[in-house]
1. Using all Cα-Cα distances in the chain, what percent lands in each 20 angstrom bin from 0 up to the longest?
2. Which of the peptides 177-184, 261-268, 103-110, 348-355 is most tightly packed, and how do the rest follow, going by the mean number of other Cβ atoms within 10 Å of each residue?
3. Rounded to two decimal places and with Rh computed the Kirkwood way over Cα pairs, what is Rg over Rh for the stretch 138-183?
4. Out of all DSSP beta bridges in the chain, what portion is antiparallel? Express it as a percent rounded to 5.
5. Give me the extension gain from residue 161 to residue 94: residue separation times 0.36 nm, minus the current Cα-Cα distance, reported in nm with one decimal.
6. Distance in nm between label sites at residue 152 and residue 294, each 7 Å beyond Cα in the beta-carbon direction?
7. Using 0.36 nm per residue, how much length does the chain from residue 315 to residue 114 gain when fully extended, once their Cα-Cα distance is taken away?
8. Give me the number: length gained by fully extending residue 280 to residue 87, i.e. 0.36 nm times residue separation minus the C-alpha to C-alpha distance, one decimal in nm.
Amino acid sequence: MDTRNVSTLIAGFITAGLAAAPPAPVDGFARVRVQVADHVWLIHRPVATDAPFEGNTTVFEQEDGYVVVDAGGAPPAGDHIVRLIRELGPKRVKALVYTHYHGDHNLGAGAFLAAWPGLQIISTAATRANMTGPAMAYVKTYSTSYAGMVDFGRKRLDDPAVPASEKEGWARFVAAGPGMVAGYRDLAVHPAGLTFTTGITLQDPVTPLEITFLGRANTDGDAIVWAPRQRVLASGDIVVHPIPYASACFPGEWIEVLRRIKAYDFAVLVPGHGEPQKDRAYLDKLIWVLGELRGQVAPLVKDGLDLEQVRARLDLARLRRAFVADEDGWGRFVMGAVFLGDIVKNVYQEAKGIPIVQGGS
Ligand SMILES: [Zn+2]
């Protein structure tokens, strides 16, 4: 795992590349902008495995304005993204697409609406339903939850049994704590005004865009955005790099959606978090890990084991090593917290026919 300090990276970027621009406030939500293709940029935090865990933002330039995919996960994140878009030129953002309902992809939208009143927000109908229903109720207590996680991190730092390589991660988490607790306070949810169930095309002579629902995967309403001319695909959290994100996912259908994404002739795949992918190797790894888990869990469910008995029987270390080295204590913690815990539960529920309910981040 990359253990460089995010603020050092960002400070370095500002000094190196943006000498003429007004200095950005260096808080935990600061981002950098990289060009992905002609008329396409990624605005992100370079180290996806360090908090705040913020969704990637992709900017597509059309003739009459920008179309932006995901808005950042907090008001200060939205402010940073708006500033970095404005540096691209005088065009306005005409549309904002949410890939799914998780707040780390849309709680920065208030800054967009303030900067470009009247912009169209687009999502699947399922994402809108989640954003206007109980699935997103968690945002009311998000700041308090993070305060609790910072306290938990302090305890891990004081615990002699915690490996040093995990403590490095907690030290960064605790340092980002005050910024996150403040940033996640008073959150406003801005659901889409324009929804679809199968897809929408945004025509343009240079950068036409196809926004499509490929099936249930990471959530029940994931949208992908495909730029066929530039061959760039923004996947949302269907693909999260370098550690996948399970949450309330649908494992079997997720595999099918990953196969559909593989069939796109992309030159660059921008995942929901992490580094752009130029080939299909990581997609294959995700398809493999989901298939392995389903294969391991199915016979145990058939034998009548309950969830805790299933967990005890699985060989998760082998799967984890495909993503995280054994000596990377922080990576191991993140892998357990955002993937292994939830995915086993969801695979088990799927095998038993128990509905997977949307909710949480
Ligand atoms: Zn996310």
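1. 30, 61, 9, 0
2. Details: 177-184: 20.4, 261-268: 16.0, 103-110: 25.8, 348-355: 14.5.
Ranked by mean Cβ neighbours within 10 Å, highest first: 103-110, 177-184, 261-268, 348-355.
3. Values: Rg = 11.3 Å, Rh = 10.9 Å.
Reported Rg/Rh (Cα atoms, Kirkwood Rh): 1.04.
4. 65
5. Details: separation 67, 0.36 × 67 = 24.12 nm, distance 5.19 nm.
So the chain would gain 18.9 nm between residue 161 and residue 94.
6. 2.9
7. Numbers: separation 201, 0.36 × 201 = 72.36 nm, distance 4.94 nm.
So the chain would gain 67.4 nm between residue 315 and residue 114.
8. Details: separation 193, 0.36 × 193 = 69.48 nm, distance 3.23 nm.
Extra length available between residue 280 and residue 87 comes to 66.3 nm.
Values in this text are rule-based calculations from the coordinates and carry no lab data. Fair warning: this is a prediction, and the values are worked out from it, not measured in the lab. So basically every Cβ, Gly included, is an ideal-geometry build from the backbone, and we count neighbours across all protein chains shown.
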